[in-house]
Amino acid sequence: MSENEKLTARDIRSALKQIGVYVDVTEDDLMKIYELALEHAKKEARWKIPVKGIMTKEVVTIGEETTLHQMSALMNQHRISGLPVTDRERHVIGIVTEADLIATICIKRGYSFIRTLKYLFGESLQIPEPAGNENIETTARDVMKTRVITAAPDDDVSQVAAIMDEKKIKRLPVVGPDGKLSGIISRADIVRAIGV
């Protein structure tokens, strides 16, 4: 509602006359109800944002053959905590998170608890490249979660925020009608969008 369309006491009196029945509230009460309802509507409207309006469109992705070393390097380089795994047509077939990497690296490489904590607080694990005579390197196929929760470009941010909260996840790949990855939405994207 613009400034020129602001509700007045006269408007309220006119509306009450049109109802034609006695209503046990004052004009001031109705004005207060209206103002509260308007404020509520404005807050709700902030959530009526489609995912496609705030998602990150340039997504760092990996394939099933991406190694632990490569995944760690990508996460460090791009300062991200999750990587969608896609096939050649960009269909999402899995996701690898920082937690997946940490668990795999610490178990398979025998890293100490202290070294793991240092990584959690920002120190790179600096995974060495595998030597030629080492066993075959662990890949995304070995560590990725294949049951991936996704969002659609036209989903409301409120829906996505509720899913993230319920599932305790930080990001959702955004999949278009063609089934292909079109972006990723994170908690940080949502916080920026609602202006918190």
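Just so you know, all these numbers are worked out from the coordinates, no wet-lab data involved. Computed from a prediction, not measured in an experiment: that's the story for all the values here. All Cβ positions, glycine included, derive from the backbone under ideal geometry; neighbour counts span all protein chains shown.
A few points about this structure:
- Available extension along the chain between Tyr22 and Ile169 is 47.7 nm, counting 0.36 nm per residue and deducting the alpha carbon span.
- Sequence-distant residues sharing a close amide H with Ser182 (under 5 Å, placed H): Val174, Val175, Gly176
- Segment Arg141-Glu64, extension gain: residue separation times 0.36 nm, minus the distance between their alpha carbons: 27.2 nm
- For the range 89-95, Karplus couplings with θ = phi - 60° (6.51, -1.76, 1.60), whole Hz, Gly/Pro x: 8, 6, 7, 6, 10, x, 8
- Seen from Ala188, the other residues with C-beta closer than 14 Å to its C-beta sum to a net charge of +4, counting Lys and Arg as +1 and Asp and Glu as -1.
- Note on Asn76/Lys42: beta-carbon distance plugged into 1/(1 + (r/R0)^6) with R0 of 41 Å gives a FRET efficiency of 0.50.
- Here the simple spin-label model places points 7 Å from the Cα toward Cβ, and for Arg187 and Ile33 these points are separated by 4.0 nm.
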